[in-house]
């Protein structure tokens, strides 16, 4: 118990902190201090510095430099880009369905068949011949053109 009593006595004694001129030994500033008050003031100063640092980072744009925190503008840009990606995905899906339908028509298959593979899309020589329907359409198309020339 004597050690504890010695520490209590030491912390409650007043000490003199003097700043003096080196050449004249004149005392410029004199402080009467206790170790307990120095310890309490250091703890208070550290606590205030921690609170100031946290508030500086939390309430200013400095938080953008901390990993994991982004700016609100970046978050808004990310959401906008995600929306664009979703809409482009929908458009791409529509284009793929349209392309599949055109391929089915060109291959002469039913739309119900949904199995298009590279084996189904072999290159074939196209044979274009005029049918009776084509010749009738050509005649209808040529008649109005002949009337306009007259």
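Bear in mind these aren't lab numbers, they're just calculated from the coordinates by the rules spelled out. Just so you know, these numbers come straight off a predicted model, no measurement behind them. Here the Cβ is made from the backbone with ideal geometry for all residues, glycine too, and neighbour counts use every protein chain on show.
Starting from 0.36 nm per residue, how many nanometres of slack lie between residue 10 and residue 72 once their C-alpha separation is accounted for?
That pair, residue 10 and residue 72, stretches by 16.9 nm at full extension.
Quick check: convex hull over the Cα atoms of segment 2-63, volume per residue in Å³, rounded to an integer?
Convex hull of Cα atoms, per residue: 150 Å³.
Return the FRET efficiency for the residue pair residue 60, residue 93: r is the Cβ-Cβ distance, R0 is 41 Å, and the value is rounded to the nearest 0.05.
E(calc), rounded to 0.05, equals 0.35.
Between residue 41 and residue 80, what is the label-to-label distance in nm when each label sits 7 Å out along the Cα-to-Cβ direction?
5.4 nm
Using a 10 Å cut-off around each Cβ, can you sort 103, 73 from fewest to most neighbouring Cβ atoms?
Final ranking by Cβ density, sparse to dense: 73, 103.
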